[in-house]
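A.B. asks: One structure, as structure tokens, below. Some questions next.
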Amino acid sequence: MDLATRTATPGKSPTNATARLRLPVSGMTCGSCVRRVEAGLERLEGTGEIAVNLAGEHVEIAYDPTRLTPHDLVEAVEAAGYDVKLREVDLALEGMTCGSCVARAEKALLATPGVISASVNLATERARVTVADEAVVDDAIRAVSDAGYAGQRVSQGEPGTGTPAYPDDSREKLHVAIGIALSAPLVLPMLGMPFGYHWMPPGWVQVLLATPVQFWLGARFYVSGWKALKARTGNMELLVAMGTSAGYFLSLYMLISYWLSPHAGMHHEPEYYFEAAAVIITLVLLGKYLEARAKRKTADAVRALAALRPDTARLRSNGEDTIVPIAQVRAGDIVVVRPGERVPVDGRIREGESEIDESMVTGESLPVHREEGARVIGGSINGSGRLIIETTAIGQDTTLSRIMKLVEGAQASKAPIQKLVDKVAAIFVPVVVVIAAITLVTWLAIDGDVEKAIVTAVTVLVIACPCALGLATPTAIMAGTGAAASSGILIKDAEMLERAHAIRAVAFDKTGTLTLGKPALAGFTPVAGADVSASDGLLAIAAALQEGSEHPLAGAVVTAAKEKGLALPQAQAVKAVPGRGIEGGLDDGARYAIGSARQMADHGIALDDLASAAQEEAARGRSISYMARIDGTPRLVAWMSFADQPRESARAAVAKLRAIGITSIMVTGDNEAAARAIAREIGIDEIRAEVAPEDKARIVGELRAIHGAIAMVGDGVNDAPALAAADLGIAMGSGTDVAMEAAGITLMRSDPLAVADALDVSRRTRSKIKQNLFWAFIYNTGGIPLAAFGLLNPIIAGAAMAFSSVSVVSNALLLRRWKPAGGR
């Protein structure tokens with residue numbers, strides 16, 4: 001058989017393989033790859049025919065959807081060693097009102113063939129769908145439409161375009177005003193009843209006032225409730241429609257019965273419940289209006305970031321400056337920024353210097369000085385200097401866009417606890433309807449009062465509030481991640497909030513994290529008998545070999561050589577030795593190694609003669625590096641010491657972490673004496689020194705066994721494995737893209753105190769989630785029994801239901817007041 005297309009039928013027990021999934025697979029190069037993919041899928045119980053196409057780079061799988069999910073199939077292919085090219089698509093959904101809607105929309109999406117995963121967020125009114133094929137998106141939109149919701153694809157342009165664009169609330173405001181105007185004549189007369197005054201209008205006036213509220217303003221509840229019934233589920237609107245309809249039609253029956261009675265006009269009219277139905281609908285509309293306004297505020301952080309992005313740039317071309325739309329600027333273009341203007345793009349300063357206000361992007365409280373060669377961030381505000389900037393990033397690659405993408409991703413994510421809440425919300429409405437039915441039957445059995453039984457059942461229906469359950473978690477996440485982003489703290493997703501709460505220890509990489517990361521060459525000492533006797537000659541060689549390195553110590557050597565005006569020889573065949581240093585040669589055939597004591601040991605070079613001198617320097621907190629000539633018999637030719645100052649806020653950060661019960665640990669590749677000197681200065685008691693980059697992940701595991709859940713803070717490429725291995729990875733924004741990708745939290749300012757701030761805002765956000773869920777459950781678990789026992793008036797029940805959502809969202813909004821200790 002041609003291995004370009006190979007079909008396998010597992011020799012297992014027959015499966016009900018009624019579903020098919022096509023997955024794009026990358027990394028397959030030969031027939032053995034095909035067989036590995038087949039074998040990985042065949043191991044799953046529930047797969048049927050498997051067709052692997054090597055040339056087309058895809059696999060088509062028949063499977064039993066009752067035993068397997070698409071996600072299981074993706075994991076099986078990845079476990080075989082190949083990548084599945086999945087796409088994430090955001091959908092805007094209209095018509096969701098409560099937690100039950102979330103469960104129904106997710107169920108519809110996940111039932112769509114080709115959808116790998118789906119997550120629906122009530123607060124943002126968005127669905128994030130993972131698909132293997134773009135064509136599936138239209139099927140997913142049709143599926144949610146059939147479930148009763150209008151869906152459309154969100155623009156995949158620059159981040160910020162997907163921010164929820166809440167509709168104009170003028171129509172909602174008008175409906176609330178009309179509802180109040182029509183309900184007021186039904187409610188206000190009740191104020192006189194305790195004093196013996198009966199000002200209630202006659203029944204025909206009540207029905208005239210209540211009918212437009214019930215069937216015009218309340219039409220949305222019937223429409224949404226009917227859609228829910230067609231989908232064989234329930235939602236908040238269904239409860240409101242059932243409850244208010246029961247009250248309205250009971251009153252209408254009583255009114256008609258009174259009119260048809262031969263004694264009509266001879267006796268007082270009965271007490272109707274038109275006011276209860278009208279007021280409940282008006283209160284729900286008012287609650288929804290206030291809830292929408294509050295939800296809009298939770299998305300303010302992303303909108304504020306999007307507003308930082310200028311629409312135009314002053315482009316310099318052929319010596320002339322022209323204002324052009326920002327979309328026309330390309331990487332490498334030269335832009336001019338005048339004093340007081342926003343920097344339109346990420347770039348590097350070619351000419352000029354100025355103070356730049358980066359507070360909205362990084363959270364730095366004071367403007368920072370930037371001069372020729374320095375990087376600038378698009379969206380920051382230029383101070384008093386005129387800058388000529390070379391564009392280095394545009395569009396979605398800019399720092400601002402990456403920040404917005406992270407924040408949007410975090411706000412769209414779900415906390416682990418929300419998954420449980422969604423399951424509760426999915427069955428909530430049917431359970432409430434059953435409780436209301438039981439209440440009705442029970443009251444009829446107790447005293448046979450039909451009117452009282454119906455009113456009590458209505459109260460049960462209208463006090464139940466699945467909305468508060470659905471909003472409790474996402475609104476807190478939106479507010480918390482938004483507040484954090486405004487202070488330069490980017491939280492990857494809701495799961496990281498959960499992890500941050502459990503952290504018991506923080507492991508800090510030393511260089512660039514606890515220290516400034518800008519070491520200076522404090523001493524360069526040639527060893528007696530070196531071939532190049534002059535210190536400057538050896539320094540020039542060391543600088544030449546390290547000129548292309550990004551390591552801070554290498555940069556310090558190059559800077560020192562240039563400050564002395566030394567001419568650097570031409571280096572050849574320079575290579576990095578991970579965790580050790582570098583090796584390279586010169587034109588004359590000489591080869592050198594520069595790096596740690598371990599690198600010297602690898603070449604068989606003893607350092608005993610330098611032990612006391614090196615220890616003395618290390619005791620002063622200085623890092624030591626060695627230089628050896630390795631062509632012929634390896635021999636030491638010089639050693640260097642470097643001084644790197646701790647960051648000003650490092651000691652305060654360690655103290656703040658200690659105050660909240662978190663242990664700080666220093667993990668560094670530096671020698672132990674130097675590490676202990678820095679640790680003493682900033683108040684850290686526990687250190688792990690002389691740790692090779694490849695061992696940092698292992699050290700994280702050891703620290704977890706000692707302290708419990710651990711966070712790792714770093715900023716370099718060699719920190720990425722440790723960041724990924726930690727329970728929570730925290731990357732300094734001044735670090736590399738690799739470190740930021742591996743981290744759960746990214747700090748846009750290089751300030752250790754921001755680590756404590758990040759854990760603080762995470763804990764506060766989780767606390768708000770718990771508070772919101774507590775109140776949401778209290779509303780329902782406390783309110784429903786009170787209503788069932790006849791202890792609540794329907795109007796009071798409606799008000800409690802309407803404002804439960806408002807209170808949950810308002811409580812979440814308190815997070816916007818959070819301010820970092822280390823930022824603004």
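The values are calculated or read from the model by the stated rules, or taken from the named source; none is laboratory data. A quick note: this is a predicted structure, and the numbers were derived from the prediction, not measured. As a convention, Cβ positions derive from the backbone with ideal geometry for all residues, glycine included, and neighbour counts pool all protein chains shown. The area values use the complete protein model at the heavy-atom level, side chains included, leaving out ligands, DNA and RNA. Shrake-Rupley method; radii C 1.70, N 1.55, O 1.52, S 1.80 Å.
A.B. asks: Across bins of 10 angstrom width beginning at 0, how are the C-alpha pair distances of the range 738-824 distributed, in whole percent?
C.D. replies: 14, 31, 23, 16, 11, 5, 0
A.B. asks: Here's something else I'd like to know. How large, in percent, is the carbon and sulfur part of the accessible surface of the chain at a probe radius of 1.4 Å?
C.D. replies: Ligands and nucleic acids excluded, carbon and sulfur reach 56 percent.
A.B. asks: Average projected area of the Cα convex hull of the chain, in nm²?
C.D. replies: Averaged projected area of the chain's Cα convex hull equals 47.1 nm².
A.B. asks: Here is a follow-up. Under the rule a/c < 1.5 gives rounded, and otherwise a/b versus b/c splits prolate from oblate, where does the range 675-724 land using the Cα gyration tensor?
C.D. replies: Note, shape of the range 675-724 comes out oblate.
A.B. asks: Ok, one more. Report, in degrees rounded to the nearest 10, the 0 to 90 angle that the Cα long axis of helix 696-707 makes with the longest principal axis of the chain.
C.D. replies: The angle comes out near 60 degrees.
A.B. asks: Extension gain Y253-I417, at 0.36 nm per residue separation less the Cα-Cα distance, in nm?
C.D. replies: Full extension from Y253 to I417 adds 54.4 nm.
A.B. asks: A further question on this structure: Tell me the angle of helix 552-563 to the major Cα principal axis of the chain, expressed in degrees between 0 and 90 and rounded to the nearest ten.
C.D. replies: The answer is roughly 50 degrees.
A.B. asks: Once fully extended, how much extra length lies between D169 and D608, figured as 0.36 nm per residue of separation less the alpha-carbon to alpha-carbon distance?
C.D. replies: Net length gain for the segment: 150.2 nm.
A.B. asks: Can you tell me which of 316-326, 202-212 comes out highest on packing, and rank the rest after it, using the mean Cβ neighbours within 10 Å?
C.D. replies: 202-212, 316-326
A.B. asks: Between V431 and A692, what length in nm is gained on full extension when 0.36 nm per residue of separation is reduced by their alpha carbon distance?
C.D. replies: 88.1 nm
A.B. asks: Further question: For the chain, what is the accessible area per residue in Å² when the probe is 1.4 Å?
C.D. replies: 43
A.B. asks: Please check which bits of the range 459-500 a label hung off I660 would reach, taking the label as a point 7 Å along Cα-to-C-beta and the cut-off as backbone N under 19 Å.
C.D. replies: 476-500
A.B. asks: How much FRET efficiency would the formula 1/(1 + (r/R0)^6) give for R348 and A724, where r is the Cβ-Cβ distance and R0 is 30 Å, rounded to 0.05?
C.D. replies: That gives a FRET efficiency of 0.50.
A.B. asks: Which angle from 0 to 90°, rounded to the nearest 10, does the C-alpha axis of helix 236-260 make with the longest principal axis of the chain?
C.D. replies: Compared with the principal axis, the helix lies near 10 degrees.
A.B. asks: With point charges of +1 on the Cβ of Lys and Arg and -1 on the Cβ of Asp and Glu, referenced to the Cα centre of the range 621-679, which listed residue (G669, Y626, V637) lies farthest in the positive direction of the dipole?
C.D. replies: G669
A.B. asks: Place the peptides 720-727, 86-93 in order of packing, highest mean first, counting for every residue the other Cβ atoms within 10 Å and averaging per peptide.
C.D. replies: 720-727, 86-93
A.B. asks: Let me ask another. Once the convex hull of the C-alpha atoms of the range 561-701 is built, how many Å³ does it hold per residue, rounded to a whole number?
C.D. replies: Normalising the Cα hull of the range 561-701 by residue number yields 134 Å³.
A.B. asks: Going down the table (K107/K288; K414/K696; K419/K770; K405/K492; K288/K414), which pairs top 19 Å between alpha carbons?
C.D. replies: K107/K288; K414/K696; K288/K414
A.B. asks: Among the aspartates and glutamates, which fall within straight-line cross-link reach of K575, defined as a Cα-Cα distance under 14 Å, with same-chain neighbours fewer than 8 residues apart omitted?
C.D. replies: E547, E550, E583
A.B. asks: FRET efficiency for A374 and W204, Cβ-Cβ distance as r, R0 = 45 Å, nearest 0.05?
C.D. replies: 0.05
A.B. asks: Can you tell me the dipole magnitude for the chain around its Cα centre, using point charges on the Cβ only (Lys, Arg +1; Asp, Glu -1), in Debye to the nearest 20?
C.D. replies: Approximately 1740 debye in magnitude.
A.B. asks: Right, something else. Return the distance in nm (one decimal) between the two label points of a simple spin-label model at Q570 and D588, each offset 7 Å from Cα along Cα→Cβ.
C.D. replies: Modelled inter-label distance: 1.6 nm.
A.B. asks: So, by mean Cβ neighbours within 10 angstrom, what's the order for 219-232, 593-606 with the highest one leading?
C.D. replies: 593-606, 219-232
A.B. asks: In a Debye calculation with equal point scatterers on the alpha-carbon sites of the range 326-427 and no solvent, what is log10 I(q)/I(0) at q = 0.24 Å⁻¹?
C.D. replies: At q = 0.24 Å⁻¹ the computed log10 ratios are -1.24.
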